[in-house]
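The values are calculated or read from the model by the stated rules, or taken from the named source; none is laboratory data. Treat the numbers as computed from the prediction; the structure is a model and nothing was measured. Cβ atoms come from the backbone with ideal geometry, glycine included; neighbour counts cover every protein chain shown.
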């Protein structure tokens, strides 16, 4: 405990010295969430990244999130505490693949989930998050949308729009690992619990849920609900946030962890601030094109 206090004190000192702000995704370890200035989902943190007055942004998340912060803040230094904090979903789509698909489908507009690389965003018409994906797709004037790279989120969107959705064959293994049998087991053990799940979950899991939406929307739903127990269908660390915000309620995780998110520790946050290492650098041409897609998203949000 004394070691943790000393470590936290060092981080706070370095943060002040560097005029830095620490952003943490809700899938981060609990102690990392606790030292952050802002905790949230991709959309919330995108907004915080744009509005911060800090010179340095330490992004406790995965690569694509830090890239997004760097794209939106070209004059600031963005640091990723672990250079290997990757996202398997983001790796499932490349710039070349999308360009080829656009050639095969003339007139299609590309909506890229923020869980994608800077290069993919640069060849997209607009970006989206899980919180605004339906609104983004419905805002487009085209009839057909290529939704990249998450097929489950794309399928969820397709259920709430009249547009034709071409699904990319990608998925988040964290949510793909959530199985109906596990939800049924938890429901049998906790019959009074409501089921809340993330839209990156497979169709059969989503269709069992009482509520399906982004983590920020799940947080709001849980906070306002009179229900006292919840089965939580997303990355297990989110339960830490829910417990912190709702100490009078009970939460049951489904047992699925993101390896990339969990590579980040307090020690690495301290190290990246000390050494100013693992800077995110986006080439100007890619940044400018990706900025256009992200700005369109934020305008709708």
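Residues in segment 94-112 that are more than 18 Å from residue 287 (Cα to Cα) and in contact (Cβ under 8 Å) with a residue 12 or more places away in the chain were compared, and the one that is surrounded by the fewest Cβ atoms within 10 Å (Cβ to Cβ) is 107. Pairs meeting the criteria (first residue in segment 153-164 and without any contact (Cβ under 8 Å) to a residue 24 or more places away in the chain, second residue part of a strand (DSSP E or B) and surrounded by fewer than 17 Cβ atoms within 10 Å (Cβ to Cβ), beta carbons under 7 Å, at least 6 apart or on different chains) are 164/144. Could you please let me know if residue 292 is touching a helix residue (DSSP H, G or I) at 6+ places or on another chain (Cβ under 8 Å) and over 30 Å from residue 14 (Cα atoms)? So residue 292 does not fit the description; no. The residues listed here are 97, 28, 53; of these, the one that is in a loop (DSSP other than H, G, I, E, B), under 24 Å from residue 133 (Cβ atoms) and not assigned by TED's automatic domain parsing to the domain that holds residue 238 is 28. Being surrounded by 24 or more Cβ atoms within 10 Å (Cβ to Cβ) and touching a residue at least 24 places away in the same chain (Cβ under 8 Å): is that true of residue 10 here? It is false that residue 10 is surrounded by 24 or more Cβ atoms within 10 Å (Cβ to Cβ) and touching a residue at least 24 places away in the same chain (Cβ under 8 Å). Residue 57 meets the stated requirement of being crowded, with 24+ Cβ neighbours inside 10 Å and within 21 Å of residue 276 (Cβ to Cβ). How about segment 58-86: which of its residues are closer than 22 Å to residue 285 by Cα and either outside the structural domain of residue 9 (by TED's automatic domain parsing) or in a strand (DSSP E or B) (or both)? Scanning segment 58-86 gives 77, 78, 79.
Of the residues screened, residue 87 is not one that is within 16 Å of residue 268 (Cα to Cα), under 16 Å from the mean Cα position of the chain (by Cα) and either at pLDDT below 95 or surrounded by 19 or more Cβ atoms within 10 Å (Cβ to Cβ) (or both). Could you tell me whether residue 115 is buried (at least 22 other Cβ atoms within 10 Å of the Cβ) and in contact (Cβ under 8 Å) with a residue 40 or more places away in the chain? Yes: the conditions hold for residue 115. Being surrounded by 15 or more Cβ atoms within 10 Å (Cβ to Cβ) and within 15 Å of residue 272 (Cβ to Cβ) is a property that residue 39 lacks.
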